[in-house]
Amino acid sequence: MDIIVNSLSHCYGSTEVLRDISLDIPAGRVVCLVGPSGCGKSTLLRFIGGLECPSKGEVLQVGNPPKGSLNPLTFVFQDFALLPWRTVQGNISLVLEDHGIRGAAARDIIGDTLARTKLSDFADALPKQLSGGMKQRVAIARALAVKPAVMLLDEPLSALDAQTRELLMDDLVSLWTRQPFTAVYVTHNLAEAVRLGHKVVVLSRRPGRLREIVEIDTPLADRAAGDAELEKVQKQLWNLMRDEARAADEELVDV
Amino acid sequence: MSDVATQVPARRAVEYRGGGFAPSPRRWVGFMVFAVVILLAEWGTRAGWISPLTLPKPSDVLVTFQDLYATGLLFKHLGPSLSRLFIGALIGVSLGVTVGVLIGLFSYVRSGMVPVVAAIFPIPKIALLPLFVIWFGIGEGSKYALIAFGTFTPTVVATYGAVDNVDRTLIRMGQSFGLPWLSIVRKIILPGAMPGILSGLRISLAIAIILLVAAEMLGAEHGIGAYILEAGSLYDLERLFAGVVILSLLGVLVSAAIGLVENRLLSWRV
């Protein structure tokens, strides 16, 4: 299933946040959205996931989601969004219960996703017992449990420390290599974007417009930290963004 | 060089200035405070610097209490009181939680009900007792109504505040996974509001005990309120205090029960 964003614009009251964005997200690829803070990249992700309605333009699904996909457009949030009163497996079963998946069937799915995210030993732990990296892995496991057609990751690693971020990036790459998924990955971290993205979309500062789309051909599995080619792309992205980021930083926030 | 070597700068430990602002339970202190107050009263009444007209001797109150227990009157009074408290508070709290959740969920209910609740909150419910007697009769009905009405408003306010405070990102998460509306309410909003609802319950149930006595002062043969009223009109201070002690114990027990429920239901809290 592909996603097409068709000349989408949005205003909050009199503040224009996005202007005329057109974008396609092909199946099986990871598209990274980068841009200075406040450029509307997370908002764009919420439009793609149907959590908000754009003022103009539309988001289209092309084709049907694969059979067995319980929730085609599935989010992974920056702050994990785990229910603190449910255990790790309880949090995953939350998204299965309403599809009538309980008992043995649910245990199979939960066991499988926990194994894929290396969480099998923590099935009965409460979120408060887990570190940030573990919590995000639970959130990723929960997303995998509903067999998404497109994963929408909203700065999933931004709340984590640098080491954990490295580890989780490796985990995401190995998850993708074993079973390629489609993803839109919002981040302000260019290193994450060049590491995980097949296509990096650069947005300008508010109102967010499409600045540039950079394709990276190196297979995900072959991208290592310190790769000269990637460094070059990252530098190119930073050059695109630097002035925008500075201008965005100096803007007054009107709330 | 030697000059520098002899002048070693003074070293001292960095002054500690953190800590505090984190009260932790000290198990026996509460009992100690009670014991000291009671012992002071006992000493004062025995020594004579507290006249028996101002305060009864705590040991006499204890004797009265024992009599009450031995004659079986204690349970004759406690039984009806507890059932009134239970039924009245159950009606008030369940209606209150329902209305509170509805206010938390629906714009029209919120706009319509919040002013109503604000209008009935400050009414002293005891003042309405005669009205309740006319509406629900002199029997149990008016007593249930008074307690229910008194617990309703604080429960509503606590509940909708608690629903408002449920983490919106969790609700968004529920929507993003396509959970049905009812599931979001049942599995995300209600458990998320539980801490606020339970702390509201502490206040509501204390109010329920106050109103229980008020209700029993009018047209009740048995019940702790009736017992206290009777003792009060005879200036029988020992019995009055025995009744008051029962009420205090009831309050402590209710609060401890809520504490237990909190420990069970809210163990997930950080």
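Things worth noting here:
- Area hidden from solvent between B and A (accessible, protein heavy atoms only, 1.4 Å, total, Å²): 1900
- Interface residues of the stretch A:82-120, defined as a loss of at least 30 Å² in heavy-atom accessible area between the chain alone and the complex of all protein chains with a 1.4 Å probe, are A:Leu83, A:Pro84, A:Trp85, A:Leu94, A:Val95, A:Asp98.
- Threshold 30 Å², the stretch B:233-270 residues less accessible with all protein chains present than alone (1.4 Å probe): B:Trp268
- Counting only protein heavy atoms and a 1.4 Å probe, the stretch A:99-255 has 49 square angstrom of accessible area per residue.
- DSSP beta bridge pairing in the protein assembly as shown, given as percent antiparallel to the nearest 5: 50
- Solvent-accessible area per residue in the stretch B:86-179 equals 47 Å², computed with a 1.4 angstrom probe and all protein chains kept.
- Between the stretch B:40-54 and the stretch B:56-104, the alpha-carbon center distance in angstrom: 30
- C-alpha long axis of helix A:88-97 to longest principal axis of chain A, angle in °: 90
- Counting only the Cα atoms, the stretch B:48-91 fills a convex hull of 96 Å³ per residue.
- Positive-end residue, the protein assembly as shown charge dipole about Cα centroid, Cβ charges, pick of B:Val14, A:Val138, A:Ala27: A:Val138
- Taking label points 7 Å from Cα along the Cα-to-Cβ direction, B:Phe34 and B:Ile138 give a separation of 3.8 nm.
- Cα-based equivalent ellipsoid of chain B: semi-axis lengths in Å, sorted from largest, via gyration tensor: 43, 37, 15
- Rounded to the nearest 0.05, the FRET efficiency derived from the C-beta distance between A:Asp170 and B:Ser233 at R0 = 56 Å is 0.10.
- For chain B, carbon and sulfur atoms together expose 70% of the accessible surface, with a 1.4 angstrom probe and every protein chain in place.
- A viscosity of 1.306 mPa s and a temperature of 10 °C, combined with the Kirkwood radius over Cα pairs in Stokes-Einstein, give a translational diffusion coefficient for chain A of 84 µm²/s.
- Point-to-point label distance, B:Ser248-A:Ala105, nm (Cα→Cβ direction, 7 Å offset): 6.0
- Here chain B is scanned for trypsin sites (Lys or Arg not before Pro) in DSSP loops (not H, G, I, E, B) that have at most 10 other Cβ atoms within 10 Å, and the longest stretch holding none of them is B:28-270.
- For the stretch B:15-133, the gyration tensor built on C-alpha atoms gives an oblate shape. Its axis ratio a/c (a ≥ b ≥ c) is at least 1.5, and a/b is not larger than b/c.
- Accessible-area composition of chain A, carbon plus sulfur, in percent [1.4 Å probe]: 49
- Restricting the stretch A:1-104 to GluC sites (Glu not before Pro) that sit in a DSSP loop and have at most 16 other Cβ atoms within 10 Å of their own Cβ leaves A:Glu52.
- B:Trp181-B:Ser111 FRET efficiency (beta carbon distance; Förster radius 25 Å; 0.05 resolution): 0.80
- Listing of the stretch B:139-172 residues, each with accessible area lower by at least 30 Å² in the full protein assembly than in the chain alone (probe 1.4 Å): B:Thr169, B:Leu170, B:Arg172
- Mean Kyte hydropathy of -1.0 or more with a Cα span along the axis of at least 30 Å, helices from DSSP in chain B: B:73-105, B:140-164, B:190-216, B:237-265
- Using alpha-carbon coordinates, inclination of helix A:103-116 to the longest axis of chain A, degrees: 50
- GluC sites (Glu not before Pro), loop per DSSP, at most 10 other Cβ atoms within 10 Å - longest free stretch of chain B: B:16-220
- To the nearest ten degrees, helix A:132-145 and the longest principal axis of the Cα atoms of chain A are 80 degrees apart.
- Between A:Glu231 and A:Leu252, the C-beta separation translates, for a Förster distance of 41 Å, into a calculated FRET efficiency of about 0.75.
- For the cross-link pairs A:Lys41/A:Lys135; A:Lys147/A:Lys199; A:Lys56/B:Lys187; A:Lys67/A:Lys199; A:Lys118/A:Lys147; A:Lys128/A:Lys235, the ones whose C-alpha atoms lie over 29 Å apart are A:Lys56/B:Lys187; A:Lys128/A:Lys235.
- Structure-based [θ]222 nm, chain B - -39500 (n - 2.57) summed over DSSP H runs of at least 4, per residue, nearest 500: -24000 deg cm²/dmol
- Prolate/oblate/rounded label for the stretch A:151-223 (Cα gyration tensor, a/c 1.5): oblate
- Centroid-to-centroid separation of the stretch A:38-57 and the stretch B:111-183 [C-alpha atoms, Å]: 37
- DSSP loop trypsin sites (Lys or Arg not before Pro) with at most 11 other Cβ within 10 Å excluded, longest remaining stretch of chain A: A:103-255
- Helical mean residue ellipticity (222 nm; -39500 (n - 2.57) per DSSP H run of 4+; nearest 500) of chain A: -11500 deg cm²/dmol
- Per residue accessible area in Å² of the stretch A:1-53, where ligands, DNA and RNA are left out and the probe is 1.4 Å: 35
- Normalised radius of gyration (Cα atoms, divided by 2.2 N^0.38 Å) for the stretch A:1-106: 1.29.
- Sparsely packed loop sites in the stretch B:1-78 (the chymotrypsin sites (Phe, Trp or Tyr not before Pro) outside DSSP H, G, I, E and B with at most 14 other Cβ atoms within 10 Å) comprise B:Tyr16, B:Phe21, B:Trp28, B:Trp49.
- Between the C-alpha center of the stretch A:201-255 and that of the stretch A:100-145 there is a gap of 33 Å.
- The largest-to-smallest principal axis extents of the Cα set in the protein assembly as shown are 96, 86, 51 Å.
The values are calculated or read from the model by the stated rules, or taken from the named source; none is laboratory data. Note that the structure is predicted; figures quoted are calculated from it, not measured. With ideal geometry, Cβ positions are generated from the backbone for all residues, glycine too; neighbour counts draw on all protein chains shown. Just so you know, the surface numbers come from the protein's heavy atoms only, side chains and all, with ligands and any DNA or RNA stripped out. Shrake-Rupley method; radii C 1.70, N 1.55, O 1.52, S 1.80 Å.
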